[in-house]
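Presented below is the structure to which this report refers.
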Amino acid sequence: MKGIFAAWGRILTGHTPALSIEITRECPLRCPGCYAYGDDHLGGDVTLREVRDFKGQALVDGVLALVDRHRPLHVSIVGGEPLVRYRELSVLLPLLSRRRIHVQLVTSAVRDIPEAWRGLDRLKIVVSVDGLQPEHDARRAPATYDRILKHIAGHHITVHCTVTRQQVNRPGYLEEFIRFWSMRAEAGTIWMSLYTPQIGEISAERLSAADRERVVADLLALRLRYPKLRMPKELIEVYANPPQSPAECIFARTTLSISADLTTRITPCQFGGAPDCSSCGCLASAGLAAVARHQLLGVVPVGSILAGSMKVGARVRRLRPVETHA
């Protein structure tokens with residue numbers, strides 16, 4: 001709960017609790033079902049591959065300007081593939097660490113993760129892995145298992161897997177995946193999301209209602225057997241009953257998502273377009289929903305307190321000046 005109270009403090013003083021930045025439009029992968037490169041991700045007028053993005057000092061300065069303006073408690077760096085800009089990140093990450101900002105870097109680990117990043121405070125490196133090696137390598141080449149295992153050596157990472165329908169068709173698949181990564185010293189934490197479709201989407205990745213029920217039941221059992229699967233029971237249960245709209249989603253309401261031009265806002269949440277909230281499997285959304293549904297002293301829902309805090313913070317934000325750092 002300590003992190004929640006810190007977020008409340010940020011909200012009340014007019015800060016943006018979380019900032020998500022697509023740091024580049026470039027990615028050497030072509031993953032099936034990738035929401036970032038969907039035609040409607042940025043509203044339909046332009047796609048991520050078509051926006052202007054930045055390199056070098058212009059990128060460093062642009063990201064710091066966003067941080068100065070919004071003063072987030074947490075920054076997620078996504079893409080594209082962030083490691084395409086590893087030189088700029090090697091400048092940015094220490095600066096953000098010195099500002100005591102928590103940073104989550106989401107990567108495919110398609111290239112080496114710089115050794116200098118190992119000692120940075122408040123940096124979490126999240127590596128996306130799409131199932132066991134045969135399925136992952138087919139979907140994510142050139143970011144194959146062999147490359148990932150080579151590039152994470154010596155680092156402490158979080159493994160994040162988005163569960164798709166292809167994975168749940170084989171009994172025991174999720175446990176085999178979690179067992180493999182639980183045995184890897186580099187993997188300190190394992191997270192499992194569920195594939196989130198767009199409204200009306202028909203695809204091989206989309207889970208059926210029965211699939212979702214089975215995945216929820218499996219995860220509830222697996223979390224008891226594999227300590228690295230650090231997902232509270234309350235979070236997993238949200239997957240069975242997610243927030244039904246962006247207005248109900250704490251994550252969507254407290255996270256500002258910005259595309260690679262460092263200007264375009266991604267709405268209504270990081271998925272962009274028209275996500276089917278009734279089938280949402282976003283880990284961050286589920287985690288915050290679980291907190292919001294918790295009742296303080298068994299009486300007051302945390303979400304009602306947060307809603308009031310957001311109204312106060314919005315008023316404060318309109319009045320405060322932009323803070324800058326030398």
Can you list, largest first and rounded to whole Å, the semi-axes you get for segment 2-314 by taking the square root of 5 times each eigenvalue of its Cα gyration tensor? 26, 25, 20
List nothing, just return the count: lysine pairs in the chain, 8 or more apart or interchain, with Cα separation under 24 Å. 9
When the helix-only estimate is applied to the chain (DSSP H runs of n ≥ 4, each -39,500 (n - 2.57), divided by the residue count), what is the mean residue ellipticity at 222 nm, nearest 500 deg cm²/dmol? -11500 deg cm²/dmol
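No lab work stands behind these numbers, since they all come straight from the coordinates. Since the structure is predicted, the reported quantities are computational estimates derived from the model, not experimental observations.
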